[in-house]
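This report refers to the structure that appears directly beneath it.
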Amino acid sequence: MIEIQNLTKTYNYGKPNSLTALRDICLTVRDGEMTAVMGASGSGKSTLLNMIGCLDSAEQGKCIIGSTDVNALSENRRTEFRAQNIGFVVQDFALIESYTVLENVLIPTCFVKKRRGAKERALSLLERLGLGDKAKTAVSKLSGGQKQRTAIARALINEPDILLADEPTGALDSKTSAEIMELFLQQNAQGRTVIIVTHDPRVAEKCSRVVEISDGRIIRD
Ligand SMILES: Nc1ncnc2c1ncn2[C@@H]1O[C@H](COP(=O)(O)OP(=O)(O)O)[C@@H](O)[C@H]1O
Ligand SMILES: [Mg+2]
């Protein structure tokens, strides 16, 4: 379970140019839920996802994942927690273009102890995601849909319980979007908790729950 309690996040906290991106957010996500987060650009969607994804911390409130308040962890412990528990499909893939697909997928295994069998796991993941023949191809040679599949494989390599995605279909045509959405639904059917930030109503309608953010506050759930 993910339990966010009174989370307030201010960028440049305490400085004259500070900006409050999340205001007193309370949100509970049960294990196995498939949630869409929607809202206008600048409303705080990515900031919220980054908190759950242990990429950043907030000055106030709790973000309890399982039994750990990740907002109270040091940066190193947060990184460790993320590698073990969370798969994050960041916006615009963030792949290393000159590396091969396999090399990209293996990056998160550097941050965890269970590295044995990682290559076999990666190859079997790529097979399941329809990239079986692309393992040794440089990412720069892939289509947008193939890059997104690679980013998803990278997010899944450490077998996380939670899968987060920030506008994963934003850069894709509608057919490819639907295929990528199918992959997230499959991951959810396998028991993973999935949270997707999206602008696309076709993505949101496939989710069991839609949370809407406006100006750093949850206005609909
Ligand atoms: N690193 C940052 N430093 C300062 N302000 C930021 C930073 N990231 C986001 N913001 C601001 O926080 C607000 C929420 O941003 P964000 O969470 O990215 O919104 P969304 O993902 O909904 O478009 C925006 O006003 C944005 O400009
Ligand atoms: Mg965003």
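The values are calculated or read from the model by the stated rules, or taken from the named source; none is laboratory data. What you are looking at is a predicted structure, and each value in this text was computed from that prediction instead of being measured. For neighbour counting, all protein chains shown are included, and Cβ atoms are generated from backbone atoms with ideal geometry for every residue, glycine included. Remember, those area values only see protein heavy atoms, side chains included, never the ligands or the DNA or RNA. Shrake-Rupley method; radii C 1.70, N 1.55, O 1.52, S 1.80 Å.
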Inset, instruction - Inspect all residues belonging to segment 177-195 and state whether any of them is of a type in the set (Asp, Glu) and in contact with a His (Cβ under 8 Å, 6 or more places away or on another chain). - result: no
Inset, instruction - Would you please list the contacts, defined by Cβ atoms under 6 Å and residues six or more apart or on different chains, that run from a residue in segment 165-187 that is within 16 Å of ligand 1 (Cβ to nearest atom) to a residue that is in a strand (DSSP E or B) and open to solvent by less than 10 Å² (accessible area, probe 1.4 Å)? - result: Ala165/Val89; Ala165/Ile196; Asp166/Val197; Glu167/Val197; Pro168/Val89
Inset, instruction - List the number of the failed condition for Phe88; all other conditions in (1) within 24 Å of Glu182 (Cα to Cα); (2) surrounded by fewer than 13 Cβ atoms within 10 Å (Cβ to Cβ) hold. - result: (2)
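Among residues belonging to segment 34-56 that are assigned to a loop (DSSP other than H, G, I, E, B) and open to solvent by less than 40 Å² (accessible area, probe 1.4 Å), point out the one that is farthest from ligand 1 (Cβ to nearest atom). Quick ask: steps written out before the conclusion?
Within segment 34-56, the first condition is being assigned to a loop (DSSP other than H, G, I, E, B), and the residues that meet it are 39-44, 53-56.
After this cut, where a residue has to be open to solvent by less than 40 Å² (accessible area, probe 1.4 Å) as well, the list is 39, 43-44, 53-54.
Details: Gly39: 6, Ser43: 4, Gly44: 4, Gly53: 12, Cys54: 16 Å.
The qualifying residue farthest from ligand 1 (Cβ to nearest atom) is Cys54.
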Inset, instruction - From Glu127, Glu97, grab the single residue that is part of a helix (DSSP H, G or I), open to solvent by 50 Å² or more (accessible area, probe 1.4 Å) and acidic (Asp, Glu). - result: Glu127
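Only one of Lys113, Lys119, Lys45, Lys134 is within 16 Å of ligand 2 (Cβ to nearest atom) and of a type in the set (Lys, Arg). Can you tell me which? I'd like the intermediate steps shown before the answer.
Details: Lys113 fails: within 16 Å of ligand 2 (Cβ to nearest atom); Lys119 fails: within 16 Å of ligand 2 (Cβ to nearest atom); Lys134 fails: within 16 Å of ligand 2 (Cβ to nearest atom).
Testing whether each residue is within 16 Å of ligand 2 (Cβ to nearest atom) and of a type in the set (Lys, Arg) leaves just Lys45.
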Inset, instruction - Please identify the pairs in which a residue from segment 111-129 that is under 16 Å from Ile86 (Cα atoms) has its Cβ atom under 9 Å from the Cβ atom of a residue that is open to solvent by 50 Å² or more (accessible area, probe 1.4 Å), counting only partners at least 6 apart or on another chain. - result: Phe111/Glu80; Phe111/Arg82; Phe111/Gln84; Val112/Glu80; Val112/Gln84; Lys113/Gln84; Lys114/Gln84; Lys114/Glu159
Legend entry - Criterion violated by Thr150 - all others in (1) more than 30 Å from Ser67 (Cβ to Cβ); (2) surrounded by fewer than 16 Cβ atoms within 10 Å (Cβ to Cβ); (3) of a type in the set (S, T, N, Q) satisfied: (2)
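Kindly indicate the residue of segment 48-72 that is among the charged types (D, E, K, R) and touching a residue at least 12 places away in the same chain (Cβ under 8 Å) and also nearest to ligand 2 (Cβ to nearest atom) among those meeting that condition. Step through it out loud before you land on a result.
Step one: filter segment 48-72 for residues among the charged types (D, E, K, R), giving 56, 59, 62, 69.
From what is left, the residues that are touching a residue at least 12 places away in the same chain (Cβ under 8 Å) are 56, 59, 62.
Numbers: Asp56: 13, Glu59: 20, Lys62: 23 Å.
Within segment 48-72, the match that is nearest to ligand 2 (Cβ to nearest atom) is Asp56.
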Inset, instruction - With the condition kept exactly as written, say whether any residue in segment 3-26 is surrounded by 21 or more Cβ atoms within 10 Å (Cβ to Cβ), closer than 30 Å to Leu123 by Cα and within 16 Å of ligand 2 (Cβ to nearest atom). - result: no
